[in-house]
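Visitor: Quick one: this structure, given as structure tokens, is what I'll be asking you about.
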Amino acid sequence: MTNAPAFMTAASFSTDPEEAAADLGQQLSGIDLKTVIFFCSAEYDLPLLAQSLNKIFQHIDLSGCTTAGEITPFGYGQGCITAIGFSSTDFAIHTQSIECLDNFSLTDAQTLVDQLIAGCRELDVAPIKGNTFALTLLDGLSIQEENVLVTLNSALGSIPNFGGSAADDIHHYKTHVFYNGEFHTDAAVIMMVNTAYDFEVFSTHHMQHKDMKLVVTAADADARCVYELNAEPAASVYADAIGVPVDELNHQVFALNPIAVKLGDEYYVRSIQQVNDDLSLKFYCAVESGIVLTIMKSNGLVDDLIQTLNAIQNKIGEPQLIIGCDCFLRRMECELKGYSDEVSGLLQKHNVIGFNTYGEQMEGLHINQTFTAVAIGRNRNE
């Protein structure tokens, strides 16, 4: 083992793409770069940013996505770009893309996973089994996350996987993932990470259920649109249930009054994206006729995050890096309730780098309003 660092983190708050790319290059110059993963605001001129990043990071495996906010080495950022640069010391990272999400088959997934494993094995960092996880970044407006994730998870088998849906600063226009030197839509990036360090993939949320049930009685599952709840216009029923007029429903209300579906013993939030003119509700996650939704309430986001991060530290020791996918509605709640600075400080303290998402991914599930991540410890598996 050499004394050279295995990775470095960076951020640029310049809104100029060329300056931002140069900033990252300078900050990551302390190691022999092999791979860079970045998360950037959609407010950048993306073609120019791509060109600038390619120029700075020539011959480097470069992947990333657009965001609804960034998690930098200094905590929360907005309108910026943050990155992790890896050397080949203690990390073997191999990347593949999915360029057409709606035709992704199990055969495609198995071929992709075989290629990822083969790419990691070439560097001979650690045995694949028990030392490998996958990170997925998907177009957050593709409406294809569920199908892709279930298929990919089947092919990955025992390899843990997590990730986030790319965002676009809450414009809901176009979200992008980056691979092969360009930003793409209707696509995904899959990174397999094989490491000599201990790690833990985890997910947490701070929601508690109320005794209020809403049955989806009319929906378009493909469009993630619910037309009726309890046989009445969906937006009207939801608004009545939370005590808010229909014309006041917005992202802030959705963030503080989520609804969830129960799978087994666990509740999984199905976040609302918008109210349509016909009083239907469009969601970020899968919904279909016949499912029962439960009104949830926020209960101690800060305390839950502290407990979760402490539990991770107790399990694998102090993390040297956490790659985090944090739902943008959680960040919105922090801003609305006045604890953004506290949460930002926690993320900085625990070495979190990542982004605010339009949805998170965990072991084949597409979920909302969670903090989903991998913590990488400091102890090596000898």
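Visitor: Could you identify the single residue in Gly119, Gly69, Gly75 that is of a type outside the set (A, V, I, L, M), open to solvent by less than 30 Å² (accessible area, probe 1.4 Å) and touching a Lys or Arg at 6+ places or on another chain (Cβ under 6 Å)?
Guide: Gly69
Visitor: Here is a check on your reading of the model: is Leu293 surrounded by 20 or more Cβ atoms within 10 Å (Cβ to Cβ), over 20 Å from the mean Cα position of the chain (by Cα) and modelled with pLDDT of 90 or more?
Guide: yes
Visitor: If only one of Asn153, Asn147, Asn161 is surrounded by fewer than 20 Cβ atoms within 10 Å (Cβ to Cβ) and among the polar types (S, T, N, Q), which one is it?
Guide: Every option except Asn147 fails the conditions.
Visitor: So, one more: For segment 204-220, which residues satisfy the criterion of being under 18 Å from Lys262 (Cβ atoms), open to solvent by less than 60 Å² (accessible area, probe 1.4 Å) and not in a loop (DSSP other than H, G, I, E, B)?
Guide: Result: Thr204, Met207, Leu214, Val215, Val216, Ala219.
Visitor: Just to be sure I understand the filter: pairs with C-beta atoms under 9 Å, separated by 6 or more residues or on different chains, first member in segment 341-357 and open to solvent by 10 Å² or more (accessible area, probe 1.4 Å), second member aromatic (Phe, Trp, Tyr). Which pairs pass?
Guide: If the second residue must be aromatic (Phe, Trp, Tyr), the pairs left are Asp341/Tyr76; Ser344/Phe74; Ser344/Tyr76; Gln348/Phe74; Gln348/Tyr76.
Visitor: Would you check which residues across segment 113-153 are closer than 19 Å to Glu360 by Cβ and either among the polar types (S, T, N, Q) or part of a loop (DSSP other than H, G, I, E, B) (or both) and list them?
Guide: The answer is Thr136, Asp139, Gly140, Leu141, Ser142, Ile143, Gln144, Asn147, Thr151, Asn153.
Visitor: Now for a separate question. Select from segment 73-112 the residues that are assigned to a strand (DSSP E or B) and over 20 Å from the mean Cα position of the chain (by Cα) and list them in ascending order.
Guide: Phe91, Ala92
Visitor: List pairs: first in segment 271-297 and farther than 19 Å from Ile143 by Cβ and touching a residue at least 40 places away in the same chain (Cβ under 8 Å), second among the hydroxyl-bearing types (Ser, Thr, Tyr) and open to solvent by 50 Å² or more (accessible area, probe 1.4 Å), Cβ under 9 Å, 6+ apart or cross-chain?
Guide: Listed by first residue and then by second, the contacts come to Leu279/Tyr227; Gly290/Thr217.
Visitor: Just give me the residues in segment 296-316 being loosely packed, with under 13 Cβ neighbours inside 10 Å and of a type in the set (Val, Ile, Thr), in sequence order.
Guide: Within segment 296-316, none qualify.
Visitor: Can you pull out the residues in segment 10-32 that are touching a helix residue (DSSP H, G or I) at 6+ places or on another chain (Cβ under 8 Å) and under 26 Å from Asn381 (Cα atoms)?
Guide: none
Visitor: While we're on this one: Answer yes or no as to whether Glu363 is open to solvent by 10 Å² or more (accessible area, probe 1.4 Å) and in contact (Cβ under 8 Å) with a residue 12 or more places away in the chain.
Guide: yes
Visitor: Filtering segment 177-202 down to residues that are assigned to a loop (DSSP other than H, G, I, E, B) and touching an Asp or Glu at 6+ places or on another chain (Cβ under 7 Å), which residue is farthest from Val113 (Cα to Cα)?
Guide: Thr185
Visitor: Are there any pairs with C-beta distances below 6 angstrom linking a residue in segment 225-238 that is within 12 Å of Gly290 (Cβ to Cβ) to a residue that is among the small types (Gly, Ala, Ser), with the two at least 6 apart or on different chains, and if so which?
Guide: Short answer, once both residue conditions are applied: Val226/Ala219; Val226/Ala234; Glu228/Ala218; Glu228/Ala234.
Visitor: Condition first: open to solvent by 50 Å² or more (accessible area, probe 1.4 Å), at pLDDT below 95 and of a type outside the set (Asp, Glu). Can you find one or more residues in segment 184-199 that meet it?
Guide: No; the residues of segment 184-199 include none that is open to solvent by 50 Å² or more (accessible area, probe 1.4 Å), at pLDDT below 95 and of a type outside the set (Asp, Glu).
Yes or no, residue by residue, for (1) touching a Leu at 6+ places or on another chain (Cβ under 7 Å); (2) surrounded by 16 or more Cβ atoms within 10 Å (Cβ to Cβ); (3) closer than 30 Å to Ala6 by Cα; (4) of a type in the set (Phe, Trp, Tyr):
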{"site": "Pro258", "(1), (2), (3), (4)": "no, yes, no, no"}
{"site": "Tyr267", "(1), (2), (3), (4)": "no, yes, no, yes"}
{"site": "Phe283", "(1), (2), (3), (4)": "no, yes, no, yes"}
{"site": "Glu318", "(1), (2), (3), (4)": "no, no, yes, no"}
{"site": "Arg330", "(1), (2), (3), (4)": "yes, yes, no, no"}
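Visitor: While we're on this one: Kindly indicate which of Leu281, Leu309 is at pLDDT 90 or above and in contact with a helix residue (DSSP H, G or I) (Cβ under 6 Å, 6 or more places away or on another chain).
Guide: None of the other options fit; the residue is Leu281.
The values are calculated or read from the model by the stated rules, or taken from the named source; none is laboratory data. Please read these numbers as outputs of a predicted model, since none were measured by experiment. Please note: Cβ atoms are built from the backbone with ideal geometry, for glycine as well, and neighbour counts cover all protein chains shown. Ligands, DNA and RNA are stripped out before the accessible areas are found, and what is left, the full protein with its side chains, is counted by its heavy atoms. Shrake-Rupley method; radii C 1.70, N 1.55, O 1.52, S 1.80 Å.
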